[in-house]
1. What figure in square angstrom, to the nearest 10, would you give for the accessible area of Arg191 with a 1.4 Å probe?
2. For Ala199 and Phe169, what does the FRET efficiency come to when R0 = 25 Å and r is the distance between their Cβ atoms, rounded to the nearest 0.05?
3. From the mean inverse distance of alpha carbon pairs (Kirkwood) and the Cα radius of gyration, derive Rg over Rh for the range 64-158.
4. If you bin the C-alpha pair distances of the range 178-229 every 5 Å from 0, what whole percents do you get?
5. For the chain, set up a Gaussian network in which alpha carbons nearer than 10 Å are linked by springs, and say which option among Asn136, Asn76, Asn215 fluctuates the most.
6. Connecting C-alpha atoms closer than 10 Å in a GNM of the chain, tell me which of Ile193, Ile52, Ile205 has the biggest fluctuation.
7. Per DSSP H run of n ≥ 4, the term is -39500 (n - 2.57); total these for the chain, divide by its residue number, and report the mean residue ellipticity at 222 nm rounded to 500 deg cm²/dmol.
8. Taking springs between alpha-carbon atoms closer than 10 angstrom, which of Leu24, Leu12, Leu181 fluctuates most in the Gaussian network model of the chain?
Amino acid sequence: MELKIYKDYEQLSANAANEIADLLKQKPGAVICLASGDTPKLTYQLFAEKVINENIDISNCTFIGLDEWVGIPPENEGSCQYFFRKYLFEPLQVTPGQTYLFNALSSSFEEECKKMDETILAKGGIDLMMVGIGMNGHIGFNEPGVSFDLYSHIVNLDETTVTVGQKYFNSQTALQKGITLGLRHFMESKRAIVLANSAKKAGIIKKALEDEISNHVPATIIRTHAQGVVMIDEEAASLLK
Ligand code: PGA
């Protein structure tokens with residue numbers, strides 16, 4: 001695993017955007033799993049600008065959505081699907097056939113998970129998985145205590161996730177379950193990147209990088225990924241030894 005510390009959120013985001021763009025230049029048919037959330041917003045904006053300015057062909061790549069709030073419809077501005085449309089798919093005119101997102105309203109989440117796992121397998125696996133880190137150390141909705149061996153699955157959301165998650169919604173929203181890619185996907189992805197910025201992430205970044213590797217802090221798993229990269233700004237790095 002490699003640790004990269006950047007001066008600020010802008011530098012971090014510019015480098016994260018380059019990671020996605022460089023991969024697509026080398027491998028236009030890449031399979032990319034991206035996260036929603038506050039952390040990657042600027043990354044996606046800068047990535048979209050790069051694609052347009054540098055005329056990068058993204059018509060052959062595949063975008064996989066990391067996770068979704070179960071029961072939250074796609075038109076709700078707090079849903080991950082809404083986020084992907086707003087920050088990535090619409091600005092980049094990504095065609096629906098290139099995107100694979102969990103259906104939060106599915107009548108069978110077991111099927112939904114199976115479908116996602118089969119899609120990833122059929123496409124030859126994930127080339128790049130770029131994720132954020134939750135205040136409790138989660139990756140996607142792989143909450144503390146999760147098995148490292150799972151592919152897609154349904155979870156009961158951790159209390160921290162339910163509380164912190166309110167920031168994405170316009171009004172108080174009942175959140176109970178999530179559907180998410182598993183840490184096995186993360187470990188099997190050819191390159192895995194965790195992004196974090198701001199002082200509020202300093203405590204959990206310290207745990208992720210310095211605590212014993214265990215499912216108590218799911219993000220500790222990045223340290224066992226041979227092609228893992230943790231990209232953070234100086235504020236998020238401020239408590240590291
Ligand atoms: P954030 O979420 O980017 O909004 O901080 C990260 C996460 O919970 O994984």
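1. Arg191 exposes around 70 Å² with every protein chain in place.
2. With R0 = 25 Å, the Cβ-Cβ based efficiency is 0.55.
3. Radius of gyration relative to Kirkwood radius: 0.94.
4. 5, 19, 27, 26, 18, 5, 0
5. Highest fluctuation of the listed residues: Asn76.
6. Comparing Ile193, Ile52, Ile205 in the GNM, the peak value goes to Ile52.
7. -9000 deg cm²/dmol
8. Per the Cα network of the chain with a 10 Å cutoff, Leu24 tops the list.
The values are calculated or read from the model by the stated rules, or taken from the named source; none is laboratory data. Just so it is clear, the structure is predicted and the values come from calculations on it, not from any experiment. Cβ coordinates were reconstructed from backbone atoms using ideal geometry, including for glycine residues, and neighbour counts include every protein chain displayed. The area values use the complete protein model at the heavy-atom level, side chains included, leaving out ligands, DNA and RNA. Shrake-Rupley method; radii C 1.70, N 1.55, O 1.52, S 1.80 Å.
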